[in-house]
1. Which of the pairs 80/489; 259/435; 410/480 have their Cα atoms more than 18 Å apart in this structure?
2. Ordering 520, 255 by accessible area with a probe of 1.4 Å, largest first, what comes out?
3. If ligands, DNA and RNA are left out, what is the accessible area of residue 348 with a 1.4 Å probe, given in Å² to the nearest 10?
4. Whole-Hz Karplus ³J(HN,Hα) for the stretch 494-501, in order, using 6.51 cos²θ - 1.76 cosθ + 1.60 and θ = phi - 60°, x for Gly and Pro?
5. From the square roots a ≥ b ≥ c of the eigenvalues of the alpha-carbon gyration tensor of the stretch 380-534, which class results: rounded (a/c under 1.5), prolate (a/b over b/c), or oblate?
6. Say each of residue 571 and residue 315 gets a label point 7 Å from the Cα, pointing the same way as Cα to Cβ; how far apart are those two points in nm?
7. Per residue, how big is the convex hull of the chain when only Cα atoms are used? Give it in Å³.
8. In the structure displayed, which of 513/537; 537/564; 176/507; 113/227 lie more than 19 Å apart, Cα to Cα?
Amino acid sequence: MASLLLPVHGLLLLLVIMTCLLGVPGMPPQPPASCNQTGCIVSNAYGVWGDRKECWVSSVVFPTTEEEILSAVANANKNKQKVKVVSGYAHTIPKLVCPASPPENSVLISTAKYNSSIQVDKDKLIVTADSGVGLRELIDRVEEAGLSLVAAPYWEGASLGGVVSTGSHGSSWWGKGGAVHDHVVGLSLVVPAGASEGYAKVIRINGQDPLFNAARVSLGLLGVISKVSLSLEPGFKRSITYLFKSDESLEEEFMNHAKKHEFGDITWYPSQNQTVYRNDDRVPLNSSGDGTNDFLGFQSTLILVSSAVRSTEKSLESAKNVRGKCTLAASGLAYKKFIANGLKNNLIFTGYPVVGRQGKMQTSGSCLYSPVTSTASSCAWDPRFKGLRFYETTAIFPASRFGDFIKDVKKLRDIKPENFCGVDNYNGLLIRFIKASGAYIGQSEDSVVMDFNYYRADEPSTPRLNQDVWEEVEQMAFFKYGAKPHWAKNRNLAFTGVQNKYPNFSKFLQAKKQLDPGSMFSSEWSDEILLGKAAAKGDECALEGQCICLEDRHCSPDKQYFCKPGIVYKEARVCRYVPSSIA
């Protein structure tokens, strides 16, 4: 099998190169909400929720003004309906936008058409926009005014309201930090009210309001965000250089890197013993260069390529072919190095440093903006095609504890480095930095964020190759080192006991009770995330992170996956492949 797959890897790489060089336009993503005669279904952009169960609602409304949002909330409150909000993008992985079951008593508010107002105040250095405005449109409008938004997530497929409410971020310990919500200076919420106030009202919240730190990161649980105001700075450029190094001193170097480079990050490829340090700093606006950041993973991908990559992944998983995964990891890293992972000095990458306007360098997502008529390519994870399907784990560590976590991961890696090739097929371990925040369910101290993606099977009952390794890393992060989960990512187990990790969690719940006493904006799914409630343990529940295994039946004993202790983190309980001959 391995000898047959090696030529395929080379073909896939050639196809990827062709995609990048030809700039093939692709299909834009599908809307997250759609309706038929029986009701409406809402999904995320990946086409599958963590529990793989569909989310149905009785109706979806598409307000275009704040007044229409007010009317929708009032009508739902009067009729005692559950309400959730979704944007036109819906890249949140947990099931936060699903109102409740049964669906007959619920309504979904979509902000997809609530995106007409963006007001830039050049004197006060503030932009105020509708919550449904897309991140790219917001950034471009700010840049046209000669200003720059300092913080933004790396992926621009999100609305302004979604970015703020889920705690989305870039990378920085400098200034106000890399989290978008720490640049919020005011916002408006549409909340339920009594009959005398028309069943709903709009409240305006600024930095002096007692509700400000609750509203900045609210997960859609306090009301509907209608307007957001962000602080701006005079326009500037950024200079980026990727430095490839051994990972030998990563645990000593990560903190100095964050302090030295304003927007720096680090990508760690454990199986390759490689780290990629992003030296990323602002430079004056008159600096030479008109570069862009068109991150490789967010470019339109030929459907032929994404489906072939997925097919190859499935074959490698089925054959338990670790060597094949390592070949993919090595060739992928070499290609990323060759093209600077999507950085372009102009039309292509010609050398470091790459210098460009802040608005072109801070975020990317070119696969979002393709003509509807194009059918050749799409975002690589588009669920309409048999492309990539993956999990994403994002853990947010106290900075003081991250070095010891790296050491533990290295111990686990050094036992058998090839077991880590699966994550290096994607983007390795991305390490970013978030400054301490006053938001109640933001970060209470300077923190380090670690993201990694890894293979997800088509069926929930199918275990994955080296499943135990990633479960041990995951549990090590969240339980041994007390990392907090990113609210918009992760498998359910990451949220276990999450309420105990935030010093001001009770203040957030008090604000929630004050603004939504009837729990109109809560559901069993959002309660699972916010309150970290453990789900009932059923057969095979650990395979997809719906539980931590305690018994073999929580894994897949029929497929020779049994519940075992961790190797480095002994308290972990993981699903490990143990062939019957060994068992």
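The values are calculated or read from the model by the stated rules, or taken from the named source; none is laboratory data. What you see is a predicted model; the values in this text were computed from it and never measured. Positions of Cβ are generated from backbone atoms using ideal geometry, with glycine treated the same way; all protein chains shown enter the neighbour counts. Surface areas here come from the heavy atoms of the whole protein model, side chains and all, with no ligands, DNA or RNA. Shrake-Rupley method; radii C 1.70, N 1.55, O 1.52, S 1.80 Å.
1. Flagged as over cut-off: 80/489.
2. My answer, sorted largest first, is 255, 520.
3. The accessible area of residue 348 comes to roughly 100 Å².
4. 5, 8, 4, x, 5, 4, 7, 9
5. oblate
6. Reported label-point gap for residue 571 and residue 315 is 4.3 nm.
7. Given the Cα convex hull of the chain, per-residue volume reads 145 Å³.
8. From 513/537; 537/564; 176/507; 113/227, over 19 Å: 513/537; 176/507.
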